[in-house]
Amino acid sequence: MEKSGSIKFLNQEIKKLEKIRNELQGECKHTETSVKFINSNNTPRIVCNECDKDIGYPDREKLSLFLTGR
C-alpha cells in the first residue's frame, strides 16, 4: 500500500474511533471529575475521570485546590 493510501486509511480509522469516543462520552454521567491541563492549551479544565471528556472550566474554589495540590 502506498503512503497516500495508508494515510487515507488511518484518517478513516481515526474518524471511526472519534465517533465511538463521542458516543461513549455522550452516554457517560460524568460523576467524578478532576481539574487537569489538557494538551491543546495551557488552561486548566474540568475533565471526567471515566471518559476523559472536557467538561468546562473550574470555578475559583476548584482551581485553588488544584493549584495548591490539596
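The values are calculated or read from the model by the stated rules, or taken from the named source; none is laboratory data. Keep in mind it's a predicted model, so treat the numbers as computed, not measured. Please note: Cβ atoms are built from the backbone with ideal geometry, for glycine as well, and neighbour counts cover all protein chains shown. The area values use the complete protein model at the heavy-atom level, side chains included, leaving out ligands, DNA and RNA. Shrake-Rupley method; radii C 1.70, N 1.55, O 1.52, S 1.80 Å.
Of the solvent-accessible surface of the chain, computed with a 1.4 Å probe over protein heavy atoms with every protein chain present, carbon and sulfur atoms account for 51 percent. What angle do you read, to the nearest 10 degrees and between 0 and 90, between the alpha-carbon axis of helix 3-27 and the longest principal axis of the chain? Between helix and principal axis, roughly 40 degrees. Within the chain, the longest run free of GluC sites (Glu not before Pro) that sit in a DSSP loop with at most 11 other Cβ atoms within 10 Å is 33-70. For ILE55, the residues whose modelled amide H falls within less than 5 Å of its own, excluding neighbours fewer than 5 places apart on the same chain, are ILE46, VAL47, CYS48. Only lysine pairs 8 or more places apart, or on different chains, with alpha-carbon atoms under 27 angstrom apart are counted in the chain, and they number 20. Shape class of the stretch 1-53 from the alpha-carbon gyration tensor: oblate, with a/c at 1.5 or above and b/c at least as large as a/b. From its DSSP helices (H runs of at least four residues, each -39,500 (n - 2.57)), the chain gives a residue-normalised ellipticity at 222 nm of -16500 deg cm²/dmol. Ligands, DNA and RNA are left out, and with a 1.4 angstrom probe the accessible area of the chain is 87 Å² per residue. Remark: the LEU65-GLN25 segment gains 11.8 nm on full extension, using 0.36 nm per residue and subtracting the alpha carbon distance. If R0 is 30 Å, the Cβ-Cβ spacing of ASP54 and LYS3 corresponds to a FRET efficiency of close to 0.40.
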